[in-house]
Amino acid sequence: MRALTANRLSDGEVVFWRAGAWVERLSDAEIFSEEAPAAEAEAAARAQPTVVIDPYLIDLVESAGFWAPVSYRERIRALGPSNHEHHGKQAEGGGAVEALRQAHGAARSSGRVNLIRRK
C-alpha cells in the first residue's frame, strides 16, 4: 500500500493526497494498492507546482488497524516535529497517532530512491 505526500508551499505543512485535494492527516489520506492509480495521482500532484513541493509516494504498513509509513522519516513527518510530543499533529492523540508511534519498518521508503540516484 502507498500514499502520496508533499509539503504545502504556503506554510511548509506536510500534506497527503485524497481524491484530488491535499489533507493534513495521514489517517485521511487516499491509500493506493495499485501502481496505475498511484502514478496518476502523483502526476496530478506534480501539476500543482504553486500548491505543493516535491510530491512523492511512500510505502505503508498496517499498524494497530491504521496505516503507517514504513520509513521512520515519514512517520516523523506524519506526526509533526520530534522535539516535543505536545507539538504538531502528535499532540492531538488518538488511535492513528498511536499507530504511527508503534509502527515498525525499514529505514527507507522506496519512493525516494529515484530522487537520490545519480545519473
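Of all the residues that make up segment 31-73, how many are among the small types (Gly, Ala, Ser) and closer than 19 Å to Ala21 by Cβ?
Of the residues in segment 31-73, 7 are among the small types (Gly, Ala, Ser) and closer than 19 Å to Ala21 by Cβ.
Here are some residues: Ala44, Ala6. Which one is touching a residue at least 40 places away in the same chain (Cβ under 8 Å), surrounded by 12 or more Cβ atoms within 10 Å (Cβ to Cβ) and not polar (S, T, N, Q)?
Exactly one of Ala44, Ala6 is touching a residue at least 40 places away in the same chain (Cβ under 8 Å), surrounded by 12 or more Cβ atoms within 10 Å (Cβ to Cβ) and not polar (S, T, N, Q), namely Ala6.
Condition check: under 18 Å from Ala78 (Cβ atoms) and in contact with an Asp or Glu (Cβ under 6 Å, 6 or more places away or on another chain). Does Ile53 satisfy that?
No; evaluated as a whole, the condition is false for this residue.
Residues of segment 24-36 being surrounded by fewer than 16 Cβ atoms within 10 Å (Cβ to Cβ), outside any loop (DSSP other than H, G, I, E, B) and at pLDDT 90 or above, which ones?
The one that is surrounded by fewer than 16 Cβ atoms within 10 Å (Cβ to Cβ), outside any loop (DSSP other than H, G, I, E, B) and at pLDDT 90 or above: Asp28.
Look at segment 34-52 and say how many of its residues are of a type in the set (Gly, Ala, Ser) and touching a Lys or Arg at 6+ places or on another chain (Cβ under 8 Å).
Count: 1.
Going by the structure shown, is Asp54 free of Cβ contacts under 8 Å to residues at least 40 places away in the same chain and out of contact with any Leu (no Cβ under 6 Å at 6 or more places or on another chain)?
So Asp54 fails the test.
Quick check: anything in segment 46-67 among the small types (Gly, Ala, Ser), modelled with pLDDT of 90 or more and either out of contact with any strand residue (DSSP E or B) (no Cβ under 7 Å at 6 or more places or on another chain) or in a strand (DSSP E or B) (or both)?
yes
The values are calculated or read from the model by the stated rules, or taken from the named source; none is laboratory data. Just so you know, these numbers come straight off a predicted model, no measurement behind them. Counting neighbours? That spans all protein chains shown, and the Cβs are built from the backbone with ideal geometry, glycine included.
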